[in-house]
Every structure is written in C-alpha cells, then in structure tokens.
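Enquirer: First, the structure itself, so that you have it in front of you.
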Amino acid sequence: LSQPGRDADRGPWVAGVSVCQADVRVGREPCAAVHAIGKFIVSPPDIRGGRPRIAGTGVTVQRIVGWSKLGLAPEDISNEIGYLSLAQVYAALAYYHANKDEIEAAIEAEAQEAAALEAEYAGPKAEA
C-alpha cells in the first residue's frame, strides 16, 4: 500500500480527497491537520496597533492573557469564544510566556491609558 500524500496546509490526502474530509463523510470526527505553531500568532502593524493577535481573528494575545489571569482555563476560553480552537488559545499563551516582558509592558501601558482616560472623562464621584 502506498502512503497517503500530505499537503502542508490541509493535512493528509489520499486519491485527491482529504483524509479529514473522508472522515467527515463517513461520520467520524475529522482528523487534525498538522499546523506550524508560528502561523497562529500574527502582528501586522496596521491591525490592532501591531499588537500580537490570533491569526484570522481580532483577539489579541493580551486579551487571552487577561482572561487567563482572571482564572479561566484555556479550555474555558476556547469554549466561551467558540471560534477559537484550544490550539489557538495555547499558542497565544505560549507567545505570552516567550515574550512576557513585552506583553506585560503593553498590558501596563494600556492600563495607564485607560486610567488617564477615565480620570479625564469621568464625572465627579458621588460621595457616600
């Protein structure tokens, strides 16, 4: 028997049909394609101010880290945001841990900016 072919972007193929598609056609769970981890996180300068985000979404690494710091497990984040796979969430967390100083600095800068905007635009606080 010959070995199935492999398409780098779409997973294994046999006789011109994706093995993953064939699995779905016969009622099995689709197989997982092999993905390069580096393709999960992008940071083009013209989107989201260049902040690293999950490719194909507007969800930034900072947002995933924020949810994680609130106590959400990666599985919870993936379940709550249905279009994020567990692999995408873990990729964002891996990116954070590999670039912790950069991401923490961005989180702190965002918090300072939010505090400054709140101070500028918030009305007088009511006293109890």
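Enquirer: Give the carbon-plus-sulfur fraction of the accessible surface of the range 38-78 in %, rounded to a whole number; probe 1.4 Å, heavy atoms of protein chains only.
Expert: With neighbouring chains kept in place, the figure for the range 38-78 is 54 percent.
Enquirer: Kirkwood Rh over Cα pairs of the range 47-128 into Stokes-Einstein at 37 °C, 0.692 mPa s: D in µm²/s?
Expert: Answer, rounded: 232 µm²/s.
Enquirer: While we're looking at this one, here's another question. Mind listing which chymotrypsin sites (Phe, Trp or Tyr not before Pro) in the range 56-105 are in a DSSP loop and have 10 or fewer other Cβ atoms within 10 Å?
Expert: Filter output for the range 56-105: TYR83.
Enquirer: Is the shape of the range 31-80 rounded, prolate or oblate, going by the alpha carbon gyration tensor and its root eigenvalues a ≥ b ≥ c, with a/c under 1.5 for rounded and a/b larger than b/c for prolate?
Expert: In terms of gyration-tensor shape, oblate.
The values are calculated or read from the model by the stated rules, or taken from the named source; none is laboratory data. None of these values were measured; they are calculated from a predicted model. So basically every Cβ, Gly included, is an ideal-geometry build from the backbone, and we count neighbours across all protein chains shown. These area figures cover heavy atoms from the full protein model, side chains too; ligands, DNA and RNA do not enter into them. Shrake-Rupley method; radii C 1.70, N 1.55, O 1.52, S 1.80 Å.
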